[in-house]
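Below is one structure, written out as structure tokens, with a few remarks after it.
The values are calculated or read from the model by the stated rules, or taken from the named source; none is laboratory data. Computed from a prediction, not measured in an experiment: that's the story for all the values here. Cβ: placed from backbone, ideal geometry, glycine included. Neighbour counts: every protein chain shown.
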Ligand SMILES: [Zn+2]
Ligand SMILES: [Zn+2]
């Protein structure tokens, strides 16, 4: 989706995209569903204010146990797209100075919305994937996925801290 500055007026226009064609694909995850909603409004003849969010779900693989699970995706963003020269937009000029607005310098008065959404999608995808806080991963000894099966390793009685206790009991 492309937005031309000429099509954007002073009043706020809202858009939503209910498919995930813009979502970048990668080996690390697969997208189940994604929605993007955003609004645009013209600040002046050279600047457009774009605010929105993406939401979705993706399937990822746990770094610890290697099992796949679903993760929610969420990212909110604010952009100030401008055709002005770089470094000529100051924070004071931003209507949204209380938010983390990203300044997008354009060579033409055209916003490639898909590119913005792709960038945000990559930020929303978790970098570290753990299926649950207490995932114990795979046993280094016997190789079982510990959340699915109990460890099959023989308990090593000699090195166990309880070995001493046991000896004392046997006395
Ligand atoms: Zn896991
Ligand atoms: Zn084991």
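Residues checked against (1) within 12 Å of the chain's Cα centre (by Cα); (2) surrounded by 16 or more Cβ atoms within 10 Å (Cβ to Cβ); (3) within 25 Å of residue 100 (Cα to Cα); (4) free of Cβ contacts under 8 Å to residues at least 12 places away in the same chain:
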| site | (1), (2), (3), (4) |
| --- | --- |
| 22 | no, yes, yes, no |
| 25 | no, no, no, yes |
| 29 | yes, yes, no, no |
| 33 | no, no, no, no |
| 40 | no, yes, yes, no |
| 46 | no, yes, yes, no |
| 51 | no, yes, yes, no |
| 55 | yes, no, yes, no |
| 62 | no, yes, no, no |
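Hey, does the range 127-149 have a residue that's within 30 Å of residue 40 (Cα to Cα) and modelled with pLDDT of 85 or more? Yes, some residue in the range 127-149 is within 30 Å of residue 40 (Cα to Cα) and modelled with pLDDT of 85 or more.
Applying the criterion of being within 16 Å of ligand 1 (Cβ to nearest atom) and within 15 Å of the chain's Cα centre (by Cα) to the residues of the range 108-135, the residue that is nearest to residue 75 (Cα to Cα) is 126.
Taken together, the residues in the range 127-155 that are away from ligand 2 (no atom under 16 Å from the Cβ) and surrounded by 14 or more Cβ atoms within 10 Å (Cβ to Cβ) amount to 3. Any chance the range 112-121 includes a residue that's surrounded by 15 or more Cβ atoms within 10 Å (Cβ to Cβ), away from ligand 2 (no atom under 16 Å from the Cβ) and part of a strand (DSSP E or B)? Checked against the condition, which is being surrounded by 15 or more Cβ atoms within 10 Å (Cβ to Cβ), away from ligand 2 (no atom under 16 Å from the Cβ) and part of a strand (DSSP E or B), the range 112-121 yields at least one hit.
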